[in-house]
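The structure appears right after this line, and notes come after that.
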Amino acid sequence: MSDPVSALNGASFQGFASIREIGPIGMITLRAKGLKSLDKAIKSVTGTKTPAQRRIEVNGDRACGWMSPDEYLLILPYAGVADALAKLAKSLSGEHHLAVDVSDARAVFRIEGDKAADVLRKLFPVDFEVLEPGEMRRSRAAQVPAALWKQDQGFTLVCFRSVATYVMGLLTHSAQPGSEI
Amino acid sequence: MLILECPYCGVKADETELSPGYEAHLKRFGPGASPEEFEAYMFARKNPKGVHFERWRHSYGCGKWFLAARCTATLEVFGTYSSQVSEPPADIIAKIQARRPGWQPDGKVTK
Amino acid sequence: MSTRLAKGGRLINRAAPVEFSFNGKRFRGYEGDTLAAGLLANDQMLVGRSFKYHRPRGIVASGPEEPNALVNLGSGARLEPNQRTTTTELFDGLESTSQNHWPSLEFDIGVVNNTAARFLPAGFYYKTFIHPRPFWKHVFEPIIRRSAGLGKAPTTGDADRYEQVYAFCDVLVVGAGVAGLLAAKAAADAGSRVILLEQTPTLGGRAPVDDTEIQGQPVDAWLTAIEADLAARDNVTIRTRTCGFGVYDHGYVLADERVADHTPGDGRPKHRLWRIRAGKIVTATGAIERPLSFAGNDIPGVMLASAVRDYVTNYAVSPGDRTVIVTNNDSAYHTALALKSAGLDVPAILDAREVADGALPEAARAAGIRVLTGKAIAKVKGSKRVNGVAICAQAGEGAVQEEIACEAVAMSGGWSPVVHLWSHCGGKLTWDEGISAFIPDPSRPPLNHDGSAMVEVVGAAAGDLSLTGSSVAIPPVWVMPQGAPIQLRSKMWLDYQNDVKVSDVQLAAREGYQSVEHTKRYTTLGMATDQGKLSNINGLAVLADALGQEIPQVGTTTFRPPYTPVTIGALAGESRGEIFQPLRRTPMHEAHEKAGAYFEPVGLWRRPYCFPRAGETHEQAVHREVLNTRTNLGLLDASTLGKIIVKGPDAGRFLDMLYTGVMSTLPVGKCRYGLMCNEQGFLSDDGVVARIDEDTWLCHTTSGGADRIHAWMEDWLQCEWWDWKVYTANVTEQYAQVAVVGPNARKLLQVLGGMDVSKETLPFMQWADGTLAGFPVRVYRISFSGELSYEIAVPSSHGAAFWAACVDAGRALGAMPYGTECLHVMRAEKGFIMIGDETDGTVIPQDLGLDWAISKKKADFLGKRGQERVYLASPDRWKLVGFETLDGSVIPDGAYIIADGTNANGQRNVQGRVTSTYYSPTLKRGIAMGLLKQGPARNGEVVEFNTVAGGTVKARVRDMVFYDKDGEKQNV
């Protein structure tokens, strides 16, 4: 078997901010609500607490984001997904939940630099001046759904894999040198 | 371009982040329903000029359906609320009545 | 002649001369000039021809209200038609050409219209050329098209980039004149996040020209101070060259920033569209001066009084040595004084009022200017430029009392507040008698989401005209002189751009037009690119007078966005070229491109339609792919197929409601074909469902249906059965899926190796997890072609590698990739339906002979009640059958099955239509499926389809399965 290949195989662009496609990254959609063992199950996979509404809890290369009142996005190294799914199955066994591997269904981008927010302000109907650190915002990047959050002097953006080329095109267009806002 | 606050994730969502779902609080009629009941469920829509209850989905956000009470004439939004109720909750009705004195939900007679 | 003055000009930088061209002539101007200022500085008074009569026209205004001086700007990939010279900043190398004339600006053949003007009255187009009908298309329209129209459309793609940006604030202030600056400062002081927009490059509005001091300080000092103050604040964003052009619901405002219009090719985006969400909107958009209606008021050299003083003060441009002022209010006296102090001559001020004794008139008199009250212009003399005016009494009928030679006329008919943004979302207006203008009525504002006033209007836009000096009551002067006869009225222009005159509006009234909205459309008043910024009120007043009504009774036309024209590029923003729309690509997309695939859109996906080889047509490629798949092995990228996981204790029950069949009884490890209907009972989607474990199912949907069906599931779970314990997840993109199809399919999987895919271990309609060639796979033994077939799902990150492995290992087995058209042909040969071909939103499964997939036992499922409607049980419904043409030809796509007689509209009656029609390379003949009245009951009958050429083709009704009726090929 070959190594897993991310959607754009690590494409990058240097404009007034830097754009990088990263990955592959392990991702699990966990749907559950109000379960006794939920906090423990999440902690066992990401080492974080269960995020509050619209928050993302980051722990090194692992994180847990709040996607909706009954959905979490668990982020972890790609190779660890099968183990993580097994752990979740064990800790949530007998309780109504759905945990599914979505690592390959996503593309992930990093947008970095002093003016990284300016790239995103051109694409998202989101008020970046009030977006808090650790806040996960699901919205749209121009015409496609995307989620993003501030992390380490930049932003992490997650979208569907099939539109990775489109999103890279958007980010490249928006980060063109000279188009600083 | 409306703004509606999603009651599930608290985002004041731009209309372009939402999908419309038309009239709220329809009662489903399945097998055994009379033609009149089925017609009411399938086709009879209120389309009022004034207070109206609608379904919206936060489709570019948390994916949840929610309900909105809104004036179709002025576009004032009285409130948004959970889709998991069969009629507008009391606090929404109170908000509407505060702005539209004398307004009553369907089926209730004005005193 | 108009010329540059030796000194002055507050906006120009004499140290930075620039060269530009107009109709090929080289001119010199300065940085800071507008194109209009540059043209006037070079005595280019004539800049265009009018729309209808091709009359010579010059510059009238100094801002976005300019109706006449529109030019083609730039060339080639940077050509822009209809650019207003008054808002175009001059830059070195600017190229401009005049519009709307033939063969030249100086000599226009179309001007013959001028003498025939009386044959081109209001409603001309509606009255003429109606009959005979064919003449319109072939004779009149081509002629009119040649002589009409503004500007030239570019013939090449736009060389520039555009972008958009989302912005948010508590208070948005539109317009950075004194009122706007003060509003922005007040909001900023209160701690609000403020955005201040100004359409010009500089702040201050009219104050630097019209005022001497503000709040006790010299204007320039005051402006410098407040600009510095605002710029220093974190909570204030100031954008110049940015026009707020539209107000929409809930505080949404669109603004167009002209980022690089004045620096073309410097790499910056040309325009940036701002999408602003504001808690509250303050419009400080000022007022626009109105022209006066006198004969010859369109001759080049007749300008708005405010524009004349703008050119003198801002750009040191003289409109001519001698300028006659004509007015009905005090503000025009500013112009007289400005001209005088620039050393220019003002032979007379003609004031229509009987008395003019305010401070400004007195100052003019003190400066030695001749002020004539109660006077009007009877006629402007000249054709391509003004050479004098004939004076008469305003109260009379135009008897000339005196003629004065002059090069320019500066006119002021009062001021109209710019109420557009207030009105866009329904803010109401009220008529102000004092200033003879509509002003916003604060008691009837446009409303925000919380019911509060969304827009507040300040300054001149609200009717406070103190700055211009015209705040004192003015007598309305709508026609000059008041008793002007038709000869004069037919030379008084209301709408310069669309050539609408006082006489046209009066004619419309005589012909019975009473509503202002109808009159507008009939006469085209205010319908040009300037949207009647100068003409609306004057036209309305003339109409009201003709109808014998008051102006407020007649009302005004509706203001709609945009306030000024916005280039399509800005509205499109980034959505151009490669990122015009999101194209979805499968993990194997690149491999298909390399293999020379011809792609087709399936929803937003791009899927290979076929893989043509050198010298092959698409049709030949499809036939080869079909035959090869049926005899050897075909590989299909099926990744786009929708995949939705449904899990939970109530998942079986839920799926039984969703599908017409029963899914709860499906054993783990098995697959079942299912249909989904909407509540009307009409077929909505289909696909194979696999039972993964005790409480987990995987539902396959059509390629275009994944998101829709996932949303449909969530809708029912969230809004109807919210107490059911079911979770769904759309995992469509998690897996790349390869269909391995054909007699050699099993052999290929065996070559890849890793799991037992024998008939016994993995029979038809079962699935299994395992590995193939080391890839983690899930193999579904399902078939949409009638062949032995496996659909293999691998994680998308391995999709390209797995596809390559299949292609490599398949080579020895005769494998070829095939596309969607081959898939279609093969499924049609087997009589399998396709959502969107056999269905169109009015078809129930029973129409398609799919009764076997509908449970008779279930008490309820979505669509069951809908299907019970009486008319759906009619034996006369169009039902699906197969067709074989008698001559073996292919029935055209979309063909109808004709019936005897005609309907009420005289159209041929029909009794059905084709839904899928292909040439079958397997059977070497045309095959088709279609919906026919009474359907299968008419088996064996011969029916006729219409053809594109107008004839018919005969076909025999038969069953739908053309190939391998017993299914022997897939069950091996």
Exercise for the section: Lys and Arg at +1, Asp and Glu at -1: add these up for the other residues within a Cβ distance under 11 Å of residue C:394 and post the number. Expected result: -1
Practice task
Compute the long axis of helix A:81-91 from its Cα atoms, compare it with the longest principal axis of the Cα atoms of chain A, and write down the angle in degrees, 0 to 90, nearest 10.
Solution key: 40 degrees
Problem - Charge sum, other residues only, whose C-beta stays under 10 Å from residue C:361's C-beta, Lys/Arg counted +1 and Asp/Glu -1 - result: -2
Completion exercise
Note: B:77-84 gets an average of partner chain Cβ contacts (10 Å, Cβ to Cβ) equal to 3
Handout entry: Reachable aspartates and glutamates from residue A:43, criterion Cα separation under 16 angstrom, eight or more residues apart if same chain
Key = A:57, A:61, A:71, A:83
Completion exercise
Footprinting proxy, B:52, C:138, C:250: sorted fewest to most Cβ within 10 Å, the residues are C:138, B:52, C:250
Completion exercise
Once Lys and Arg are counted +1 and Asp and Glu -1 for all other residues with Cβ under 15 Å from that of residue C:838, the total becomes -4
Completion exercise
Fewest-first ordering of C:589, B:25 by Cβ atoms within 10 Å yields B:25, C:589
Handout entry: Length gained when the stretch residue C:868-residue C:568 is fully extended (0.36 nm per residue, less Cα-Cα span)
Key = 103.0 nm
Fill in the blank from the handout: The simple spin-label model distance between residue C:758 and residue A:82, using points 7 Å out along Cα→Cβ, in nm, is 2.6 nm
Exercise for the section: Positive end of the charge dipole of the protein assembly as shown (Lys, Arg +1 and Asp, Glu -1 on Cβ, about the Cα centre): tell me which of C:75, C:802, B:74 has its Cα farthest that way. Expected result: C:802
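For chain C, what is the mean residue ellipticity at 222 nm derived from helices alone (per DSSP H run of n ≥ 4: -39500 (n - 2.57); sum divided by total residues; nearest 500 deg cm²/dmol)?
-5500 deg cm²/dmol
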Problem - Whole-Å distance, taken between Cα centres, linking the range A:41-77 and the range C:343-374 - result: 78 Å
Practice task
Set the Förster radius R0 to 25 Å, insert the Cβ-Cβ distance between residue C:956 and residue C:893 as r into 1/(1 + (r/R0)^6), and round the FRET efficiency to 0.05.
Solution key: 0.80
Problem - Share antiparallel - DSSP beta bridges, the range C:145-236, percent rounded to 5 - result: 25 percent
Problem - Simple label model, 7 Å out from Cα along Cβ direction - residue C:397 to residue C:937, nm - result: 8.5 nm
Fill in the blank from the handout: Each label sits 7 Å from Cα toward the beta-carbon; between residue C:19 and residue C:722 the label points are separated, in nm, by 7.4 nm
Problem - Sorted by Cβ density within 10 Å, fewest first, the residues C:944, C:362 - result: C:362, C:944
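Read the figures in this text as sums done on the coordinates, not as results from a lab. Note that the coordinates shown come from a computational prediction; the quantities given were computed from them, not determined experimentally. We place every Cβ from the backbone using ideal geometry, glycine too, and count neighbours over all the protein chains shown.
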